[in-house]
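Below is one structure, written out as structure tokens; the observations come after it.
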Amino acid sequence: MAINENNQFGELSFSDNALKELAMKSYQLFFKEQVPEIDLNEKDISKMIKIVENDDETISVYIKTKAKYGASIIKFAKDLQNFLKSEVEKMTEVPVRNIDIVLDGLIVSSSEENIEEIEKIPEVIEENNIIIDEEENKIIEDDNGSVEN
């Protein structure tokens with residue numbers, strides 16, 4: 001099926017495929033800005049987005065996506081909904097009834113993985129010129145600079 005619109009010059013038709021491609025490109029732009037370290041290809045995005053034409057000549061968009069770990073997932077989803085609705089309606093004047101999002105997982109960037117590794121490093125404290133490995137409770141270096149292993 002296609003969405004049709006009549007005006008004084010004739011009829012405009014938007015195929016489901018054209019609407020899906022538009023939603024895909026808009027999603028790709030949004031995702032690239034939100035999660036720049038991940039580059040999605042069109043084949044992957046095509047599997048994540050579905051467009052349904054409703055009886056009242058509106059469309060519904062269904063998206064299965066991942067969000068960035070550490071950022072507000074609710075804000076990410078709402079911003080994605082607003083962006084897609086705005087882009088599709090701006091370019092086609094086809095009303096978007098709803099955009100349903102299913103969160104399929106989280107993306108952890110390499111810098112956040114490094115933070116987790118840093119947190120695993122044992123805490124070392126210095127008291128009275130003696131450095132102590134708190135986790136193993138042993139002296140690493142004393143006043144004279146001698147080091148124990």
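Descriptive notes on the structure:
- Residues satisfying the stated conditions in the range 1-59, i.e. on the phi < 0 side of the Ramachandran plot, part of a loop (DSSP other than H, G, I, E, B), acidic (Asp, Glu) and touching a strand residue (DSSP E or B) at 6+ places or on another chain (Cβ under 9 Å): Glu37, Asp56
- In the range 37-56, residue nearest to Ser109 (Cα to Cα) [restricted to those that are loosely packed, with under 15 Cβ neighbours inside 10 Å and without any contact (Cβ under 8 Å) to a residue 40 or more places away in the chain]: Asp39
- Restricting attention to the range 5-36, the residues that are among the charged types (D, E, K, R) and exposed (fewer than 11 other Cβ atoms within 10 Å of the Cβ) total 2.
- The residue of the range 83-106 that is modelled with the lowest pLDDT, among those that are buried (at least 17 other Cβ atoms within 10 Å of the Cβ), of a type outside the set (Ser, Thr, Tyr) and farther than 17 Å from Leu29 by Cα, is Val94.
- Tallying residues that are out of contact with any Asp or Glu (no Cβ under 6 Å at 6 or more places or on another chain) and assigned to a strand (DSSP E or B) within the range 66-95 yields 2.
The values are calculated or read from the model by the stated rules, or taken from the named source; none is laboratory data. Note that this is a predicted model, so its numbers are computed, not measured. When we count neighbours, we look across all protein chains shown, and the Cβ atoms used for this are built from the backbone with ideal geometry, even at glycine.
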